[in-house]
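K.L.:
Have a look at this one before I ask anything.
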Amino acid sequence: MKKTKIAMALSILILTALVLTSCEVHFGNNRAYVQWYVIAVPVIVFVIACLVIAGVVLSKNTYVCPECGKRFHPKWYRAMLTPHINSDRVLKCPHCGKKSLCRKED
């Protein structure tokens, strides 16, 4: 299931980059033809870098499990990819193993 979500996210990312790129660049009246990967690769790298940075920042937050009350820090990729409502995230507690909406501790 996790690999499917990752594959789906990467597919969407690649398709978005390809859709947003154009092989024809206009500078005034001049036209220049550019290979698609010259535009797509930097876009993909930028989006991946933004997602990783967001995940690292989110993983530094402390979350509290509503089932056992223990505090924990999620892994960066789980913090980035998990569904959330405001600052609360659906996370699996490493202590009790329950998956629930964990509250972010201030």
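K.L.:
If you stretched the chain out fully between Ile6 and Val57, how much longer would it get, using 0.36 nm times the residue separation minus the C-alpha to C-alpha distance?
P.N.:
Numbers: separation 51, 0.36 × 51 = 18.36 nm, distance 1.97 nm.
Result: 16.4 nm gained on full extension.
K.L.:
So how far apart, in nm, are the two label points at Lys98 and Arg78 if each is 7 Å from Cα heading toward Cβ?
P.N.:
1.6
K.L.:
Same structure, new question: Across bins of 10 angstrom width beginning at 0, how are the C-alpha pair distances of the range 1-102 distributed, in whole percent?
P.N.:
Result, from short to long distances: 14, 32, 25, 15, 9, 4, 1 percent.
K.L.:
Shifting gears a bit: Using only Cα atoms and rounding to the nearest 10 degrees, what angle (0 to 90) does helix 36-59 make with the longest principal axis of the chain?
P.N.:
For helix 36-59, the angle is close to 20 degrees.
K.L.:
Let me ask you something else. Provide the net charge surrounding Leu101, with neighbours chosen by a C-beta distance below 12 Å and charges set as Lys +1, Arg +1, Asp -1, Glu -1. The partial results should precede the final answer.
P.N.:
On the way: positive: Arg89, Lys92, Lys98, Lys99, Arg103, Lys104; negative: Glu67, Asp88.
Value of the local net charge: +4.
K.L.:
Tell me the relative contact order for the range 2-104 as a rounded percent, counting alpha carbon contacts under 8 Å between residues six or more apart.
P.N.:
Values: 124 pairs, mean separation 18.2, N = 103.
Relative contact order for the range 2-104 comes out at 18 percent.
Since every read-out is calculated from the coordinates, none of them should be taken as a lab result. Please read all numbers here as calculations on a predicted model, not as lab measurements. Note that each Cβ is placed from the backbone with ideal geometry, even for glycine, and that neighbours are counted across all protein chains shown.
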